[in-house]
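Comments concern the structure below.
The values are calculated or read from the model by the stated rules, or taken from the named source; none is laboratory data. The structure displayed is predicted, hence computed values, not measured ones. Here the Cβ positions follow ideal geometry from the backbone for every residue, glycine too, while neighbour counts run over all protein chains shown.
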Amino acid sequence: MAKVQVLNVAVLDNPSPFGNPFQFEITFECMEDLPEDLEWKIIYVGSAESEEYDQVLDSVLVGPVPAGRHMFVFQADAPNTGLIPESDAVGVTVVLITCTYRGQEFIRIGYYVNNEYTDPELRENPPVKPNYTQLQRNILASNPRVTRFHINWEATLDKMEDSENVDPAPNTMLPPTSMPSKAPPLGLMPDNSMDCL
Amino acid sequence: MKLLKPSWVNHNGKPIFSVDIHPDGTKFATGGQGEDSGKVVIWNMAPVLREEDEKNENIPKLLCQMDNHLACVNCVRWSNNGLYLASGGDDKLVMVWKRAAFIGPSTVFGSSSKLANVEQWRCVMILRNHTGDVMDVAWSPHDVWLASCSVDNTIAIWNARKFPEIVMTLKGHTGLVKGLTWDPVGKYIASQADDHSLKVWRTMDWQLETNITKPFSECGGTTHVLRLSWSPDGQYLVSAHAMNNSGPTAQIIERDGWKTNMDFVGHRKAVTVVKFNPKIFKKKQKNGSTPKPSCPYCCCAVGSKDRSLSVWLTSLKRPLVVIHDLFDKSIMDITWTLNGLGLLVCSMDGTVAFLDFSQDELGDPLNEEEKNAIHQNIYGKSLAIMMGSQLSSTIIENPEMLKYQQERQGNQNPNGAQASGPENQTPKLTNVLNGESLEDIRKNLLKKQVETRTADGRRRITPLCIAQLDTGGTAAVNSIGMKSNLLLTSASKIEPMKALDSRFTERSKATPGVTSVPLTIGITPLDRVKDSSSVKEPKGKDETSSDSEDKIVVKSMTKRKGEMEGAEVVEKRKKGRPRKDAKMMPISQPFPQVTFLLSTDKEPSRLTTPVALLKLPTPSIQKSFSTQVSTDGVTYLEVENEVSVVSGSRLSQLKWSREGREWDTLLPSRIIIATGSSDVVAVACEDRTLSVFTACGRRLIPSIMLPAPMSALHCSGHFVMALTASATLSVWDVQKQTALVKNESLNPILSGTEATVSQSFLTRQGVAVVSLSNGKTYCFNSSLETWNLIADKQDSLVQCTDFRSCVSSQDALGSMGPLALTQGRNLSAGRLASRLSSTPHHLQQGMTLAFLEKQLASALILLSASEYRHWLLIYARFLVNEGYELRLRELCQDLLGPVHKSSSSSWETTVLGLRKRDLLTEVLPVIGQNLRFQRLFTEYQDQLELLRLK
């Protein structure tokens, strides 16, 4: 089980001009004292087409984290407009908040972001070269998409992997018939597709 | 009978694998598959029971949902006291939940359901042991144990009072274990597995009581679960899927002889779950009819893969009711309300059904007293196990026992408040905000939060702790509801794009990169570009490289630091040694090296002993030195070598002083070692002679000629111990003028090791103790003529024993003695063992037993009476606590001895000068503390009394 549970993320200063920094107020709960810091990142997806245009807006270490409930505000500068394909500047994209522990990502919170001109004139006839000063960023805060990943929380790497991620011995494998409809929908099984090794 | 399918009880269409009603009947839990994890949901029972509550918007239906399980939850079970909920799932974990009464509603962040949790249930314990999916969990009667079974073919028995301690892992099934049930009397636990067997295990010794295979030989492993059940009167055990004449049945197994003559027939497909009604019923007395004494009977619900449910009464030949097509898929679990009239059923199709019976249909439920009376009738007074609360109901059979129990309770009361129930240990969140409202804090959080830069220039935020995990109070914190930020744009305008959607769930390659890449220093430029390709921003790249360098620097720095610390530790240890030696003083004399005051004269020894024979170091000769001997009255020995030269021979002076009184004597050779006790003074000279004087300076015996130079010399009482450089040991009783140990070689303990003697001393009883540099300590037993290992720093037994619970505060004094001296520091290290939760309890139990017996034997061989008594009492307490009856009986028998004297008996009345029967008198109250041994107590108490009268 994850030692850190994200309880809430409040999107602050939203909607806001495109150039304003992102602000997320993150509340999380920790089951026990963490010997190492958590690393949080805000990733701005520049273009839906390719990960190439992803920008890590900032990464912060958060710690020390004793057992309990904590909150902090994660503020990061707006994306570098020079790195966003012009065709993707206006419209819907995604901002991701990820958290890693010991270099392993265990939670990914995604929000849809809609960038659009507030001025009806510009909305009707958007300029070819985006005018970022007129763009408004709107994060769809009410609908966060949370994906949790199963990671190894302990320092003793191998042991944990053995006990939690490795399939039981072949003779204890379930016959397929005895597990009807238990598999989560295909393509959405990040917990089982362990890639933290 | 009323039937209801509350549609609001669902896991968003996902299967529900388990359901369990809370003992107080106000809520129930379901377990199953969640969105991308396992899911446990706690529901309000009231809307199920009453239609008006279901319609009332103000009455919450969902109380709490937990998605902490990483994979499908197969079983949820409330503890009998209702405080805990245990859940087991495909993630191989068992989680134990407890309600936290501290914060208002909160949501599961990111879940599609926006319903707030009304109750806060928090995972207080994660039990990891199974290597496969956990299929079923079960609390024992009185919540002493929690059992879990798994597809790894094992059953784990957890100590529910000391999670995560494992009492036992039951191995024997050769297939997936899919169901568990405890005997209501507590004597057995039964399990059913895919290996075509049902096994009944004893809780007394966790061994197999019986293995039933016949009714299951035809079964195929096609059911997801095999939830079997034990009747509330304990007389019948009913299995899940069994076959009779190729028809699916639920096999009835009688407790008496484990006979399998009856079964529940009628289901068309395999039976997945059987659940007995917790109540025992008797016939409803009709008005006017003559009260006819009728036999009490039980009620049992059977669910099957054929999607139908049947309810049976043991007094009827045919089922009371059969409901077909209740679900679209197999029935997975059944639970009864505690009053026995309600029944919840869940199915793989993701729905639940509620059945409400009337008393007319089922009969009059017996009350607890009547139920207990039945148990008493069937199982008699002596219930098989005496655990916890059951103990208190045991009858105290004699007044002596009552006295001890009362005394004990009286002693315990002052500490009663600290009684360590599991409740006291469970963490709770407490508010740490000093009167400030959360809203205020949130407004200024960005400004207030502490942000620093790490050495490599990265931002580091110290989060604001808004609630701490501890055992304290229940102060309420304002709810952290999700702030609903209204969107100006209509949601429809934001068309989710598939390309973007995938980004929510896929871990980006960039993410783990920043921290993990730097660890590889020899990375080629090409690789690096590839790694950071997704981070187009040049800043990101810089971060990556600078990060790597810093990390390496830090690494080497910390390494160096570690070395330095190591050196410091070594130094400290060196410093520490004299102090340790000083502690030894009351018993004997430490190595003289330590007390040398001057080391001016370093003339090489003129003696010509072959070097090869010199196995032990000899102290170098000093011009003068003084040493303190015996603590009762500060006594000093002062030695001055070569005070004068008389006709070619050098004279040395030995000076003794105690509180103003003093004497001196001259010796014809230089003195290497001088030592003394309150009774004697011994001096070893360069010419290999040993002289012994009384405390008044009178020579006791002419000089003893030694075979080799002296390495170490000790006095204690009338005993003198000499360790020569050729590694031989001698001990003399100078008063009786006898040799206890005669030139005994240290070869047996030295050979094969690189070790040398690091320390030696002589106990008051004249037992020579030699510690080696490899951490082993031996003593020489003169009657056996053997070297005996009494302490070993590497001994893993010491590391893993835990007998703290058996040590009482008064014992501290008794533990002083030669044994404690040799292993004192080790013992405290051993106490850390209890923290190593990885050691299974039964193993630790065994190790502790072995360790304690070793201590007892060591104390005996060291002739250390007080330590013997000390360890004997601890040993007895341990035996009593852990229930080793045979050993306890043997111990008592030895202490008591034969009641009638006979000449053939070799029984000694004393041990180390302690009267054995006195020891027994001390041990008996210890035994009396456990009611389980009251017969033993009474038996020996009576015999002791008898002997006293004689």
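For segment B:697-747, which strands (runs of 3 or more DSSP E) that fit wholly inside it have 3 or more residues that are closer than 19 Å to B:SER669 by Cβ and in contact (Cβ under 8 Å) with a residue 12 or more places away in the chain?
Hits in segment B:697-747: B:699-705, B:710-716, B:719-724.
A:GLU124 versus (1) surrounded by fewer than 16 Cβ atoms within 10 Å (Cβ to Cβ); (2) facing chain B (nearest Cβ under 9 Å); (3) over 27 Å from B:LEU445 (Cβ atoms): which is the lone unmet condition?
Tallying (1) surrounded by fewer than 16 Cβ atoms within 10 Å (Cβ to Cβ); (2) facing chain B (nearest Cβ under 9 Å); (3) over 27 Å from B:LEU445 (Cβ atoms), A:GLU124 fails exactly one: (2).
Out of A:ASN131, A:ASN114, report the one residue that is more than 30 Å from B:ASN68 (Cα to Cα) and within 10 Å of another protein chain (Cβ to nearest Cβ).
A:ASN114
Only one of these conditions is not met by B:ILE378: (1) β-branched (Val, Ile, Thr); (2) at pLDDT 90 or above; (3) surrounded by fewer than 15 Cβ atoms within 10 Å (Cβ to Cβ). Which number is it?
All conditions are met except number (2).
Could you check A:ASP119 against (1) surrounded by fewer than 22 Cβ atoms within 10 Å (Cβ to Cβ); (2) at the interface with chain B (Cβ under 7 Å from one of its Cβ atoms) and say which number it fails?
Checking A:ASP119 against (1) surrounded by fewer than 22 Cβ atoms within 10 Å (Cβ to Cβ); (2) at the interface with chain B (Cβ under 7 Å from one of its Cβ atoms), the one that fails is (2).
Quick check on my filter: what residues within segment A:2-47 are part of a loop (DSSP other than H, G, I, E, B) and surrounded by 18 or more Cβ atoms within 10 Å (Cβ to Cβ)?
A:ALA2, A:LYS3, A:ASN14, A:PRO15, A:PHE18, A:MET31, A:ASP37, A:GLY46, A:SER47
Evaluate the following for A:VAL62: is it over 10 Å from A:ILE42 (Cβ atoms), touching a helix residue (DSSP H, G or I) at 6+ places or on another chain (Cβ under 6 Å) and at pLDDT 90 or above?
no
State all residues of segment A:127-154 that are surrounded by fewer than 21 Cβ atoms within 10 Å (Cβ to Cβ), charged (D, E, K, R) and under 19 Å from B:SER502 (Cβ atoms); if no residue qualifies, say none.
Passing the criteria: only A:ARG145.
B:SER669 versus (1) closer than 28 Å to B:VAL769 by Cα; (2) outside any strand (DSSP E or B): which is the lone unmet condition?
Single failed check for B:SER669: (1).
Of (1) away from chain A (no Cβ under 14 Å); (2) at pLDDT below 85, B:LEU146 satisfies all except one. Which?
The number of the failed condition is (2).
Among the residues of segment A:51-97, what is the count of those that are more than 7 Å from chain B (Cβ to nearest Cβ), within 19 Å of A:GLN136 (Cα to Cα) and assigned to a strand (DSSP E or B)?
Of the residues in that region, 4 qualify.
Return yes when B:SER289 is surrounded by fewer than 21 Cβ atoms within 10 Å (Cβ to Cβ) and at pLDDT 90 or above and no when it is not.
So B:SER289 fails the test.
All but one of (1) in contact with a Ser or Thr (Cβ under 8 Å, 6 or more places away or on another chain); (2) over 19 Å from B:TRP78 (Cβ atoms) hold for B:SER229; which doesn't?
(2)
Being among the aromatic types (Phe, Trp, Tyr) and crowded, with 21+ Cβ neighbours inside 10 Å is the filter; apply it to segment B:1-48 and report the residue that is nearest to B:SER87 (Cα to Cα). First the steps, then the outcome.
First, pick out the residues of segment B:1-48 that are among the aromatic types (Phe, Trp, Tyr): B:8, B:17, B:28, B:43.
Checking the rest, the ones that are also crowded, with 21+ Cβ neighbours inside 10 Å come to B:17, B:28, B:43.
Numbers: B:PHE17: 11, B:PHE28: 13, B:TRP43: 15 Å.
Applying the filter and picking the extreme gives B:PHE17.
Suppose we filter segment B:205-246 for residues that are more than 31 Å from the chain's Cα centre (by Cα), crowded, with 23+ Cβ neighbours inside 10 Å and assigned to a strand (DSSP E or B); how many remain?
The number of residues fulfilling the criteria is 6.
Kindly list the number of the only condition in (1) within 21 Å of B:HIS224 (Cα to Cα); (2) free of Cβ contacts under 8 Å to residues at least 24 places away in the same chain that fails for B:LYS55.
(1)
Let's see how each residue does on (1) away from chain A (no Cβ under 14 Å); (2) at pLDDT below 90; (3) at positive phi; (4) in contact with a helix residue (DSSP H, G or I) (Cβ under 7 Å, 6 or more places away or on another chain):
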residue	(1), (2), (3), (4)
B:LYS187	yes, yes, no, no
B:SER197	yes, no, no, yes
B:GLY220	no, yes, no, no
B:ASP233	yes, yes, no, yes
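Would you confirm whether or not segment A:114-127 contains a residue that is assigned to a strand (DSSP E or B), among the aliphatic types (A, V, I, L, M) and at pLDDT 85 or above?
No, there is no match, as no residue in segment A:114-127 is assigned to a strand (DSSP E or B), among the aliphatic types (A, V, I, L, M) and at pLDDT 85 or above.
Looking at segment B:307-328, can you tell me whether even one residue there is modelled with pLDDT of 90 or more and under 39 Å from the mean Cα position of the chain (by Cα)?
Scanning segment B:307-328, I find no residue that is modelled with pLDDT of 90 or more and under 39 Å from the mean Cα position of the chain (by Cα), so the answer is no.
So, in segment A:1-50, exactly how many residues are more than 7 Å from chain B (Cβ to nearest Cβ), among the basic types (Lys, Arg) and within 14 Å of the chain's Cα centre (by Cα)?
Of the residues in that region, 0 qualify.
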